[in-house]
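See structure below.
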Amino acid sequence: MRIVLGFDDSPHAVAALKWIVRNEKPAETQVTIVSAVRTPVTAYAEVYAPAVPYPTELIEEVTRHHEELCKRAQDELHRAGFSTSVKVLPGDPREALVETARTEKADLLIVGSHGRTGLPKLVLGSVASHVVAHAPCDVLVVKKLA
């Protein structure tokens with residue numbers, strides 16, 4: 001079985017990781033941990049303001065942070081007996097997850113859900129909603145209960 005796990009620093013992603021660890025899977029299960037580093041968007045107060053590139057050092061620091069998060073998740077999955085790989089990708093997490101599920105020929109894509117509704121969901125979007133609609137495989141959305 002091939003599983004893709006969407007992972008970030010949220011408690012919802014940790015809940016998805018814990019779900020994998022506590023549920024039995026076939027011995028040959030491969031888990032690919034995917035974390036996406038969004039390209040920051042800068043806003044300008046005036047139309048004629050020149051574009052200012054985002055500091056490369058900051059993007060590198062955020063990427064290292066995502067790599068460390070994934071390494072911890074990978075260690076936990078190894079302790080539970082899973083074979084793993086990690087992908088820290090630039091860009092939108094929705095597209096990174098769907099594309100990884102496609103290229104890895106995943107059987108299951110697992111994400112945590114913030115459970116946003118209404119205006120916050122409309123403004124912030126929903127990774128879970130996007131992958132449910134676009135993934136080429138089954139999707140499991142794990143909710144972190146309070």
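The values are calculated or read from the model by the stated rules, or taken from the named source; none is laboratory data. Fair warning: this is a prediction, and the values are worked out from it, not measured in the lab. FYI the Cβ positions are ideal-geometry reconstructions off the backbone, even for glycines, and counts take in every protein chain you see.
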Can you tell me which residue is nearest to Val127 (Cα to Cα) among those in region 7-30 that are charged (D, E, K, R) and in a loop (DSSP other than H, G, I, E, B)?
Asp8
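Which one of these is at pLDDT 95 or above and within 20 Å of Val62 (Cβ to Cβ): Thr84, Thr100? If you could, list the steps in order and put the result at the bottom.
Values: Thr84 fails: within 20 Å of Val62 (Cβ to Cβ).
Within the list Thr84, Thr100, the selection yields Thr100.
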Does region 122-146 hold any residues that are assigned to a loop (DSSP other than H, G, I, E, B) and modelled with pLDDT under 90, and which are they?
Gly125, Ser126, Lys144, Leu145, Ala146
Could you list, ordered by first residue, the pairs with Cβ atoms under 6 Å in which the first is in region 3-25 and farther than 10 Å from Ser35 by Cα and the second is buried (at least 16 other Cβ atoms within 10 Å of the Cβ) and among the hydroxyl-bearing types (Ser, Thr, Tyr), at least 6 apart or interchain?
Val4/Thr32; Val4/Thr100; His12/Ser113
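Just to be sure before I move on: is Ala106 modelled with pLDDT of 95 or more, part of a loop (DSSP other than H, G, I, E, B) and of a type in the set (A, V, I, L, M, F, W, C) in the structure I sent? Even if it seems obvious, please write down each step before you answer.
Numbers: modelled with pLDDT of 95 or more: yes; part of a loop (DSSP other than H, G, I, E, B): yes; of a type in the set (A, V, I, L, M, F, W, C): yes.
So Ala106 passes the test.
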Which condition number in (1) surrounded by 13 or more Cβ atoms within 10 Å (Cβ to Cβ); (2) more than 21 Å from Lys25 (Cα to Cα); (3) modelled with pLDDT of 80 or more is the one that Leu58 fails?
(1)
